[in-house]
Amino acid sequence: MSDQHDDFPKTNISQVLIAILGGLLAPLLAIILVVKLFMGIDEAQVPDADPAIAMAKVEERIKPVAQVEVVAADAVKVALSGDQVYQQNCLACHASGAMGAPMLGDKAAWSPRIAQGKDTLVKHAIEGIRMMPARGGNAALSDEEVASAVTYMANEAGAGF
Ligand code: HEC
């Protein structure tokens with residue numbers, strides 16, 4: 001009876017100590033590691049001296065990726081003149097007269113067409129007419145590019161567009 005009484009507190013104290021060490025030190029270690037992690041992130045952040053520079057950097061980071069491509073595509077499109085559009089898209093038929101296309105510089109073939117007016121010619125070139133495919137078959141051409149090619153072709157046949 002007395003043996004049991006002496007033994008019981010001894011065992012209990014060492015168990016409690018182990019429980020305290022295990023129960024407190026492990027979470028404490030975890031907390032220290034988390035705090036160190038956050039402090040490490042904070043140290044890596046060098047604040048920008050100028051708020052304008054900081055703002056520009058934020059905008060650079062959050063800007064949509066696609067924006068860059070849109071600007072690039074526009075830059076290429078702006079460069080095409082009527083002459084260039086003709087060379088790349090219209091020449092195939094309008095240099096040879098294929099399918100009855102009015103040939104470049106052929107005044108007799110162009111004068112009745114020019115008489116319709118620039119707007120009608122551009123509309124026919126954009127929408128297509130009879131054997132003439134819409135936008136010369138290149139859907140990627142803008143209205144402006146088709147119009148400048150029409151102006152180029154009509155002026156080659158003596159129109160004053
Ligand atoms: C696949 C052949 C082909 C290509 C490519 C082509 N054309 Fe034509 N185009 C024709 C034919 C055929 C006609 C005559 C249509 C008719 O009046 O029956 C024509 C007619 C036209 C006319 C006169 C329309 C009218 O109202 O009389 C214009 C303007 C014209 N083309 C502009 C263009 C331009 C600009 C391009 C290039 C972007 C182009 N074409 C590319 C075949 C072509």
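The values are calculated or read from the model by the stated rules, or taken from the named source; none is laboratory data. The structure displayed is predicted, hence computed values, not measured ones. Please note: Cβ atoms are built from the backbone with ideal geometry, for glycine as well, and neighbour counts cover all protein chains shown. With ligands, DNA and RNA removed, areas are computed over all heavy atoms of the protein, side chains included. Shrake-Rupley method; radii C 1.70, N 1.55, O 1.52, S 1.80 Å.
For the peptides 106-115, 17-26, 145-154, the ranking by packing is 145-154, 106-115, 17-26, with the highest mean count of neighbouring Cβ atoms within 10 Å listed first.
Put a plus charge on the Cβ of each Lys and Arg, a minus charge on the Cβ of each Asp and Glu, and nothing anywhere else: the dipole of the range 81-156 about its Cα centre is then about 260 debye.
The residues of the range 81-156 have, on average, 54 Å² of accessible surface per residue, using a 1.4 Å probe with all protein chains present.
The string of couplings for the range 14-21 from the Karplus curve (6.51, -1.76, 1.60, θ = phi - 60°) is 5, 5, 5, 4, 4, 4, 5, 4 Hz, one whole number per residue in order, with x for Gly and Pro.
Other residues with beta-carbon under 14 Å from the beta-carbon of Met132 carry, at +1 per Lys or Arg and -1 per Asp or Glu, a net charge of +3. Peptides 92-99, 34-41 ranked from most to least packed give 92-99, 34-41, packing being the mean of other C-beta atoms within 10 angstrom over each peptide's residues.
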